[in-house]
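Scroll down for the structure; my scribbles are underneath it.
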Amino acid sequence: MKTHNNVTDRVKRAPLRLLGGLGLAGVVLTMTALAADNAAPQASASMSELMTRIVQPTSDAVFYVSRTPPQSDDDWRQLENKTLMLAESANLLLIPGYLRDQDQWIRDSLLMRDAAVAAYKAAQAKDLPALEELNNALYESCENCHMATR
Ligand code: HEC
C-alpha cells in the first residue's frame, strides 16, 4: 500500500518535476545570457578620470624613475605594480566607452601598451637603464594621441 502510494505520488509529481527542470534550465539560460552581457567590458569612468587617476600616476613612475631610482625590493615591487597597471590601462583605451574610432587612437594605445609592458619587464629585471630608455616611447604615445584628439 505504502509502495503503491509512493509510486502514484512519483507519477503525479513527474510533470511538476519536468516543469521545475524546464524552469531551472530557463533560469540557467537567462543567467548565462546575463553573464555574457555583463561580461562585455565597459568603461567605469570618464576618459579624464582614467587619465588622471590611473595613466598619469603610473606613467609618472616611469618618467621620473631617474629622479628617485628604486632602492629596496619593495620600491621595485611598487614600480612593477604601476607599470603593469599602466600596461592594462592601455588595453582599457581599446574597450567600448573609451575607444575612439580612429586608426591613430589604436596605434597610440598599442604604442603605450608596448612601452608599458616593456617597462613592466624592466622593473621585474630591476633594469634602471632600460626603464630610462623607455621614457621616449612612452612619452611619444601620450603626446601623439593628445595632439590628435585634444
Ligand atoms: C589613445 C589616446 C591617448 C593616449 C595614448 C593617452 N591619452 Fe591622455 N588623454 C586622452 C584624451 C582623449 C584626453 C582628454 C580627456 C578629456 O578631457 O575628456 C586625455 C587627457 C589626459 C590628461 C588630462 C586629464 C584631465 O582631465 O585633466 C592627462 C594628464 C593625460 N591625458 C595623461 C596621459 C599620459 C601621461 C599618457 C601616456 C602615458 C596619456 N595620457 C596617453 C587620450 C590619450
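All of the numbers you see were taken from the coordinates with simple rules; none came from a lab. All values reported here derive from a predicted model rather than from experimental measurement. Neighbour counts are summed over all protein chains in view; Cβ atoms, including those assigned to glycine, are modelled from backbone coordinates with ideal geometry.
Length gained on full extension, A148 to E133: 3.0 nm, using 0.36 nm per residue less the C-alpha separation.
Each label point was placed 7 Å from the Cα along the Cα-to-Cβ direction; for S72 and N91 their separation is 3.0 nm. Scalar couplings 3J(HN,Hα) for the range 58-75, obtained by applying the Karplus form with A = 6.51, B = -1.76, C = 1.60 to θ = phi - 60°, are 6, 6, 4, 4, 7, 4, 9, 5, 6, 5, 10, x, x, 10, 7, 4, 5, 4 Hz; x denotes Gly and Pro. Judged by the mean number of other Cβ atoms found within 10 Å, the most tightly packed of the peptides 127-138, 76-87 leads the ranking 76-87, 127-138. Here the range 47-149 is assigned +1 on the Cβ of each Lys and Arg and -1 on the Cβ of each Asp and Glu. Its dipole about the Cα centre then comes out at about 120 debye.
Extension gain for Q42 to K121 (0.36 nm times residue separation, less C-alpha to C-alpha distance): 25.7 nm. Judged by the gyration tensor of its Cα atoms, with axes a ≥ b ≥ c, the range 62-150 is prolate; a/c meets the 1.5 cut and a/b is the larger of a/b and b/c.
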